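First up is the structure itself, then whatever we jot down about it.
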Amino acid sequence: MPPPHETHDRVIADIAVVGAGAAGLFAATWAGRRAHAGGSRPTILALDGAAKLGAKVLVAGGGRCNVTHHAVSSDDFAGSTPGAVRAVLARWSVADTVAFFADLGVPLKREPTGKLFPVSDDAHSVLDALLRAARAAGARLAHPWRVASVSADADGLFDIRRDTARDADTLARHPAGPDADPVLRHDRVLARRLILATGGMALPRSGSDGGGYAIASALGHSITEHVRPALVPLILADAPPASTPNAPAPPNAPAAPAPPPPGVAEALRSLSGVAALATLRLHTGSGKRTHQATGPLLCTHFGLSGPAALDISRHLTHLRHTDAGAHLRASFLPALTTQAADAMLLTARALSPLRALCVPPHALPERLVRALCALAGAPPAEPMTSLTKPARRALAAALTDLPLPVTGDRGFTHAETTAGGVPLAELHLATMASRAQSHLFVCGELCDVDGRIGGFNFQWAWASGHLAGVAAASSLAQ
Ligand SMILES: Cc1cc2nc3c(=O)[nH]c(=O)nc-3n(C[C@H](O)[C@H](O)[C@H](O)COP(=O)(O)OP(=O)(O)OC[C@H]3O[C@@H](n4cnc5c(N)ncnc54)[C@H](O)[C@@H]3O)c2cc1C
């Protein structure tokens, strides 16, 4: 690979990629591949503040890395607009992702959920392939090289300054090995093209701590008004018992949502480790349903996690910002209405709730059924003939329409992605080129796009990183 031009205090690169995560590595790879296809060999430098690259690839999918999903559409994403997301996704398909990794010796397999994982079931195989591909395409990966600021100078070069104090601290804890890139000696990089791939704020200890927003802003971009954790576990807490009677509602006030029955949070939190298929429905304060998510729901010591809770989380947070009464309701029998569940319990009245609900087709976990019975005041092990009508109806409601006292979320430290970022309206969607700053490209989680659980966020990183890399290299030739 060609050495970058070096002076005593700076390095001059053709293309600098800031952030060598999924999107940045993809962008660096495709910049190199496109340039080589056109007969040129630009210097491509990927700078990352992390001591070790690829932290998120390695933790993804529980260490197996859910690389993509067999069916990806703009409906699987939030943020910006569906049309804008579609325009980017259309230029890099799931088949392209599959072929890319297969070419690198990492075949993917599809699981019954539609998620695609490496056949190896090991995220290291994905990260190794990404690093190999980037290096083979001529990219130099310098880390830790934390970018403090970027400005565009009068000659049209990007002047990239290092956060020397932070890197010194990182190097003190993780000394650079003998293969460390010589670029580490320098604190300044000048680049003809800049690709910003700094991610969002999820899992900040990985190095993605939102520093990229200031860089994008300094180069003329806006950041959405709100940047919030998405795919984030939810906290449950019971309201303290009211010590004084509620003031009467003023006349004509909208009907307040019925509060969750006391003890729901404690009941679900005590089930830590229990998982069940559930649908979580998001309602406005006035009761209108706006979103729902179906999938495994995991009870934890703090509240709720698992795909259903993670998928609905960004919509709840978003809605609550404008509607304090927005709330979630859970159904553990997603195929049944409350009325149908009541009818089912009536039909099965010779059985106990445990006998009726813990076997197929419902197959609910016994501890969950016991907890819901306790909330409804129904004895779990006695035949339902002994249930009063109100208790049976309360059980049907607890099974299908349980209000959840969600008081907050676990924040960026526990989130899998970020809602908010650079609006796609500020980018040319065929190239991810900035509309605010020439020769700047933006990709990955830094953009205002967030996908649901299932490999969609990586597909976004691949699609947007590919476009940015190809376009940055092509623009050098113009
Ligand atoms: C626990 C967890 C599990 C996940 N599992 C999945 C999954 O299975 N499937 C899926 O599709 N998605 C998953 N995701 C989401 C996915 O990891 C992200 O959407 C994706 O990694 C985003 O890629 P990115 O390159 O845009 O950002 P990142 O991967 O966050 O990479 C950004 C890089 O930029 C560097 N950086 C940031 N600021 C600077 C700076 N100022 N200077 C230099 N470098 C900087 C960071 O060190 C980092 O290496 C998961 C996320 C988490 C947290």
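The values are calculated or read from the model by the stated rules, or taken from the named source; none is laboratory data. Just so you know, these numbers come straight off a predicted model, no measurement behind them. When we count neighbours, we look across all protein chains shown, and the Cβ atoms used for this are built from the backbone with ideal geometry, even at glycine. Heavy atoms of the whole protein, side chains included, go into the accessibility calculation; ligands, DNA and RNA do not. Shrake-Rupley method; radii C 1.70, N 1.55, O 1.52, S 1.80 Å.
Observations
- Taken over the alpha carbons of region 339-402 as equal point scatterers, the Debye sum produces base-10 log I(q)/I(0) values at 0.12, 0.15, 0.20, 0.22 Å⁻¹ of -0.21, -0.34, -0.64, -0.79.
- Scaled radius of gyration (Cα, divided by 2.2 N^0.38 Å) that the chain gives: 1.13
- By the combined test of axial Cα extent (at least 27 Å) and Kyte-Doolittle hydropathy (mean at least 0.5), the qualifying DSSP H helices of the chain come to 456-476.
- Computed accessible area, K389, all protein chains, 1.4 angstrom probe, square angstrom: 110
- About its Cα centre, region 29-169 has a charge dipole of approximately 240 debye under the convention of +1 per Lys or Arg Cβ and -1 per Asp or Glu Cβ, with nothing else charged.
- Cα centroid separation, region 406-460 to region 321-348: 33 Å.
- If R0 equals 60 Å, the separation of the Cβ atoms of S270 and R91 corresponds to a calculated FRET efficiency of about 0.80.
- Given their separation in residues at 0.36 nm each and the Cα-Cα distance between them, A180 and S151 gain 7.8 nm when the chain is fully extended.
- One decimal place: the segment D169-A239 gains 20.8 nm when fully extended, by the rule 0.36 nm per residue minus the C-alpha distance.
- With every protein chain in place, region 9-111: carbon and sulfur % of accessible area (1.4 Å): 53
- A Cβ-based charge dipole, computed about the Cα centre of the chain with Lys and Arg at +1 and Asp and Glu at -1, lands at about 780 debye.
- Within the chain, helix-based [θ] at 222 nm, where runs of 4 or more DSSP H residues each add -39,500 (n - 2.57), nearest 500: -10000 deg cm²/dmol
- Taking every alpha-carbon pair under 8 Å whose residues sit at least 6 apart, the chain reaches a relative contact order of 23 percent.
- Solvent exposure ordering (accessible area, 1.4 Å, most first) of T418, T337: T337, T418
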